[in-house]
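A short worksheet on the structure shown next.
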Amino acid sequence: MRGILPRCQALRIRKIQADFFVHPQHDPGCLLNSHDFLRSFPHNYRHALVLMDRDGCGQEEQEPGALEARIEKELSAAGWGDRAKAIVLVPELEIWVWSASPHVDEVLGWGGRSPGLREWLHENGYAEADSPKPLRPKEAVEQALKIVGTPWSSALFQQLAEKVSLSGCSDTSFQRLVTTLRSWFPQESAR
């Protein structure tokens with residue numbers, strides 16, 4: 001999010017300021033306790049956005065929309081009203097990594113390698129031949145980094161968010177994020 005939010009023009013939103021908090025219990029904490037975690041903030045912020053992976057939340061059998069509705073209902077009751085949204089990433093955040101952009105190869109350390117990253121994904125069973133995204137995106141990122149000797153870091157995700165075109169991401173959760181941001185922070189009209 002630190003790499004995505006500053007890209008106001010690409011998102012077609014006005015410039016915003018945001019603070020970021022990581023729930024100490026990660027995805028299960030976001031699902032079960034984000035309303036308690038954010039209970040003291042409704043008067044300090046205009047909006048709250050809870051992002052979490054469905055994988056690892058403890059309720060993977062639930063549809064993302066049901067999980068989002070549950071979190072949003074609890075946030076509303078905790079004082080946020082309709083100023084809070086939840087976005088559940090399926091299966092996990094790493095799904096946003098996998099776009100056709102050459103920046104993905106570059107940032108993950110695969111620039112100029114043979115086979116290329118997409119070919120490697122297909123050859124090693126991480127993605128089906130007709131799919132640009134792996135079935136297990138986190139595992140694919142971890143293994144690709146291991147092969148090229150690049151250590152995992154959150155800075156890699158920030159680099160990707162800063163470089164990769166945002167218009168090419170068709171992931172449902174990403175589109176929900178963009179729609180939410182545009183409704184909360186519309187571009188200021190030219191005068």
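Every number in this text was worked out from the coordinates using simple rules, so none of it is lab data. Note that the coordinates shown come from a computational prediction; the quantities given were computed from them, not determined experimentally. Methodologically, a virtual Cβ is constructed for each residue, glycine included, from the backbone with ideal geometry; neighbour enumeration extends over all protein chains shown.
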Cα long-axis angle, helix 137-148 against the chain (0 to 90 degrees, to the nearest 10): 40
Size descriptor, Kirkwood hydrodynamic radius, that averages inverse alpha-carbon separations across the range 100-155, Å: 11.4
FRET E, pair Ser154, Ala77, Förster distance 30 Å, beta-carbon r, rounded to 0.05: 0.40
All lysines inside 29 Å of Lys163 as judged from Cα atoms, apart from same-chain residues fewer than 8 positions distant: Lys15, Lys85, Lys133, Lys138, Lys146
Vicinal HN-Hα couplings computed from phi for the range 173-188 (Karplus, 6.51 cos²θ - 1.76 cosθ + 1.60; Hz; Gly/Pro x): 5, 5, 5, 5, 4, 4, 4, 4, 4, 5, 6, 6, 10, x, 4, 6
Helix 26-37 axis, angle to the chain major axis (alpha carbon atoms, nearest 10°): 10
Estimated FRET transfer efficiency when R0 is 22 angstrom, pair Ser170-His103 (beta carbons, to 0.05): 0.85
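Would you mind calculating the relative contact order of the chain from Cα pairs under 8 angstrom and at least 6 residues apart, reporting the percent as a whole number?
After rounding, I find 27 percent.
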Full-extension gain in nm, Ser114 to Ala129, via 0.36 nm per residue minus C-alpha separation: 3.7 nm
Cα→Cβ-extended label distance, 7 Å offset, between His26 and Arg182, nm: 3.3
The range 77-136 versus the range 8-43: alpha-carbon centroid distance in Å: 22
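By average Cβ neighbour count within 10 Å, what is the ranking of 148-161, 11-24, 32-45 from highest down?
32-45, 148-161, 11-24
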Between helix 154-163 and the chain: long-axis angle, C-alpha atoms, 0 to 90°, nearest 10: 90
5 Å-binned pair-distance histogram of the chain (Cα, whole percent): 1, 7, 14, 18, 18, 16, 12, 7, 4, 1, 0
